[in-house]
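Single-structure report; data block below.
We did not get these values from a lab; they are worked out from the coordinates using the rules stated. Just so it is clear, the structure is predicted and the values come from calculations on it, not from any experiment. Cβ coordinates were reconstructed from backbone atoms using ideal geometry, including for glycine residues, and neighbour counts include every protein chain displayed.
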Amino acid sequence: MATKGIRIEGLRKRYGSGDTAVDALKGVDMHVEPGEVVGLIGPSGSGKSTLLKSLGAVIDPTAGRMTLGDEVIYEQGWKVPDLRALRRDRIGFVFQAPYLIPFLDVTDNVALPPMLAGLPNTEARKRAQDLLTALDVRHRAQAMPSQLSGGEQQRVAIARGLVNRPPVILADEPTAPLDSQRAMAVIRILNDMARKYETAIIVVTHDEKIIPTFKRIYHIRDGVTHEEAGEGRGFE
Amino acid sequence: MISLAGRDILHAWGKFVFTGVGLGLLIGVTLVMAGVYRGMVDDGKALLDNSGADLWVVQQDTLGPYAESSSLKDDLYRTILAMPGVARAANVTYLTMQVRQGERDVRAMVVGAAAGAPAGTPGTPPYLVAGRQFTRGHYEAVADMATGFKLGDTIRIRRNQYTVVGLTRRMVSSSGDPMVFIPLKDAQEAQFLKDNDAIWQSRRRTEANPAINRPGASGVLDAVLASQSSNNFVNAILVRLEPGADPDEVARTIYRWKRLTVYTRAQMEDILVGKLIATSARQIGMFLVILAVVSAAIVAFIIYTLTMDKIREIAVLKLIGTRNRTIAAMIMQQALALGAIGFAVGKITATFAAPLFPKYVLLVPQDSIAGFFAVMAICALASVVAIRMALRVDPAEAIGG
């Protein structure tokens, strides 16, 4: 099995062409090791979302190289034939709002990605319930998303991001709608899950409360990243 | 894989059911419209069936007696009766008018038929549900149940009053008006009956004509006046053939010897369905097309709106790896479910509403089956717009910024 983690080298993204061209990413370098949670912070318009979309294989970078585990997935074009399968099987997503599917109960929200990957329903649900147990929301397994609190919804969303055991999780402002206590709980869960499943997690955030918890932080400004050591404080 | 469409429908079943009920009422109207057309055709066929005729002998070069007026001398039936292959022949008149009963009047087709004729004579009611056939030559009537008349009721046709002595059922004109049968002589009189002033004026004019009122030839004037105040015409002669007789051959014989137009059952059916109700059928056809287009537009709008409400969910589904065909199937299944709900409601509505219509509405299973598939096809087609929109949703929309 390939080693996990993600490495990005010289990633560029240009929108438009000619005089109206905008360089959103101007050569981003970053790497995240398996089991590590890093922060990606920067002001609005700095290129955070573009970087996240490039990593999530929903937009095409203009240049650079991306390596997932020991497989090059992008270098002068995508090297994987099916980006949908790449997103489904090897990249997990956690959004600012949980964006749970409102007409599926908690279990099926989490079980949906493995079902889409072809896992039998019973096995997918078993895997979902294991994760819900790990995230302490097993007791809400039959509830509909509208019946959950904000913190519970976010934990279910994290479970959905983890359920296919992807090597990378991209978390876009996962604590934005939560109060300090719940935000800290979510970061603790992400760290626990990163360690437990050897997952590399990139957390895009503006949240001052959680920034001190990262051991490594990437600052992005004008499409360029700068790495710095974080405080790596506890989660209390 | 779980059914995303089924889960979405169960989650928002109220919205689906109420939308389906609205659509169902529209489909119900469409089914009733089709039933109205079927009812018109069936009325036409009932008219032919109940006349008991194999051939219709009418005035030359007319489409009578139902689609055009036709006039024949009432003694012609005797010569037709003598022709080979003819078992029975009977005069008949048809006149659509308002028949009064007390303070109310009923639109009906007044049929003049031979009084006291043996059972099975063409033109007479083939069966009764109450009472008896009229046996007297005057002032007795047999009415269709749909007129609302009862046995013993006194009804008025022109100046004369008739007693209802029998009731029959499903005896209607091609336009669905119930029939009232009266003796032929009364019907002939009713067709051409003038008011007293008009008769008096007519006599005065005739008497003033020196060519007719000649001195020493008073018999001429009397004869002319008598012919003016009597009617010995009928609209058609209905012919029942002997068993094994070829209708076309007998028709050709009658035409050759009597120079009258003769229609067989098939030809008369063509006239009724192809000519008499053709315009109405086209009108109904136009309504059906409009209703189908409106239904399609409504389904398309509803499914489009429901899909628009799920744009973010669709983006998330695509981001986590859902295939386009899974999303398309979800939308199409919802459209088909909506159509199925709508059709069920429409069918129930049409079934219960049909008897309330003043004209006969005939709901046939073939129309329901065709309607079901048409609704499904319309719903599938209507979902295409929403599917196209859903497939264009960028999974990047699920990621902020």
> Any idea which of (1) surrounded by 13 or more Cβ atoms within 10 Å (Cβ to Cβ); (2) of a type outside the set (D, E, K, R); (3) closer than 30 Å to B:GLY20 by Cβ; (4) touching a residue at least 40 places away in the same chain (Cβ under 8 Å) is the one B:THR261 doesn't satisfy?
Replying inline: (3)
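From B:LEU47, B:LEU23, which residue is crowded, with 19+ Cβ neighbours inside 10 Å, touching a strand residue (DSSP E or B) at 6+ places or on another chain (Cβ under 8 Å), in a helix (DSSP H, G or I) and not hydroxyl-bearing (Ser, Thr, Tyr)? So that I can check it myself, show each step before the final result.
On the way: B:LEU23 fails: touching a strand residue (DSSP E or B) at 6+ places or on another chain (Cβ under 8 Å).
Sole residue among the options that is crowded, with 19+ Cβ neighbours inside 10 Å, touching a strand residue (DSSP E or B) at 6+ places or on another chain (Cβ under 8 Å), in a helix (DSSP H, G or I) and not hydroxyl-bearing (Ser, Thr, Tyr): B:LEU47.
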> Failed condition for A:LEU55, given (1) surrounded by fewer than 21 Cβ atoms within 10 Å (Cβ to Cβ); (2) within 27 Å of A:THR205 (Cα to Cα); (3) within 13 Å of chain B (Cβ to nearest Cβ); (4) out of contact with any helix residue (DSSP H, G or I) (no Cβ under 7 Å at 6 or more places or on another chain), with all others met?
Replying inline: (1)
>> For the stretch A:107-123, give me the residue count where each residue is more than 9 Å from chain B (Cβ to nearest Cβ) and either surrounded by fewer than 22 Cβ atoms within 10 Å (Cβ to Cβ) or out of contact with any Asp or Glu (no Cβ under 8 Å at 6 or more places or on another chain) (or both).
In response: 7
> For the subset of the stretch B:50-84 comprising residues that are surrounded by 14 or more Cβ atoms within 10 Å (Cβ to Cβ) and free of Cβ contacts under 8 Å to residues at least 12 places away in the same chain, which member is farthest from B:ASN235 (Cα to Cα)?
Replying inline: B:LEU81
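Between B:GLY339, B:GLY321, B:GLY346, which is within 14 Å of chain A (Cβ to nearest Cβ) and buried (at least 18 other Cβ atoms within 10 Å of the Cβ)? Break it down into steps so the answer makes sense when it comes.
On the way: B:GLY339 fails: within 14 Å of chain A (Cβ to nearest Cβ); B:GLY346 fails: within 14 Å of chain A (Cβ to nearest Cβ).
Step by step, each of B:GLY339, B:GLY321, B:GLY346 is checked, and only B:GLY321 is within 14 Å of chain A (Cβ to nearest Cβ) and buried (at least 18 other Cβ atoms within 10 Å of the Cβ).
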> How do the pairs read when you match residues in the stretch B:2-31 that are away from chain A (no Cβ under 14 Å) with residues anywhere that are among the basic types (Lys, Arg), using Cβ under 8 Å and keeping only pairs 6 or more apart or on different chains?
Replying inline: B:ILE27/B:LYS347; B:GLY28/B:LYS347; B:LEU31/B:LYS347
> For B:GLN334, are the conditions met, namely being closer than 30 Å to A:ASP89 by Cα and not in a strand (DSSP E or B)?
Replying inline: yes
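Out of curiosity, is A:VAL203 surrounded by 18 or more Cβ atoms within 10 Å (Cβ to Cβ) and out of contact with any Ser or Thr (no Cβ under 8 Å at 6 or more places or on another chain)? Please lay out each step first, then the result.
Working: surrounded by 18 or more Cβ atoms within 10 Å (Cβ to Cβ): yes; out of contact with any Ser or Thr (no Cβ under 8 Å at 6 or more places or on another chain): yes.
Judged against the criteria, A:VAL203 is a match.
A quick yes/no check of all residues on (1) within 14 Å of chain B (Cβ to nearest Cβ); (2) assigned to a loop (DSSP other than H, G, I, E, B):
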{"site": "A:GLN153", "(1), (2)": "yes, no"}
{"site": "A:ILE158", "(1), (2)": "yes, no"}
{"site": "A:ALA171", "(1), (2)": "yes, no"}
{"site": "A:THR175", "(1), (2)": "yes, yes"}
{"site": "A:ALA185", "(1), (2)": "no, no"}
{"site": "A:ARG188", "(1), (2)": "no, no"}
{"site": "A:ILE202", "(1), (2)": "yes, no"}
{"site": "A:TYR218", "(1), (2)": "no, no"}
> Do we have B:ALA354 as part of a helix (DSSP H, G or I), in contact (Cβ under 8 Å) with a residue 40 or more places away in the chain and under 26 Å from the mean Cα position of the chain (by Cα) here?
Replying inline: yes
>> Take A:ASP89 and tell me if it is away from chain B (no Cβ under 11 Å) and in contact (Cβ under 8 Å) with a residue 12 or more places away in the chain.
In response: no
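What are the residues in the stretch A:97-106 that are surrounded by 19 or more Cβ atoms within 10 Å (Cβ to Cβ), facing chain B (nearest Cβ under 9 Å) and not hydroxyl-bearing (Ser, Thr, Tyr), if any?
Of the residues in the stretch A:97-106, the ones surrounded by 19 or more Cβ atoms within 10 Å (Cβ to Cβ) are A:98-101, A:103-106.
Among the residues that remain, those that are also facing chain B (nearest Cβ under 9 Å) are: A:99-101, A:103-105.
Result: A:LEU100, A:ILE101, A:PHE103, A:LEU104, A:ASP105.
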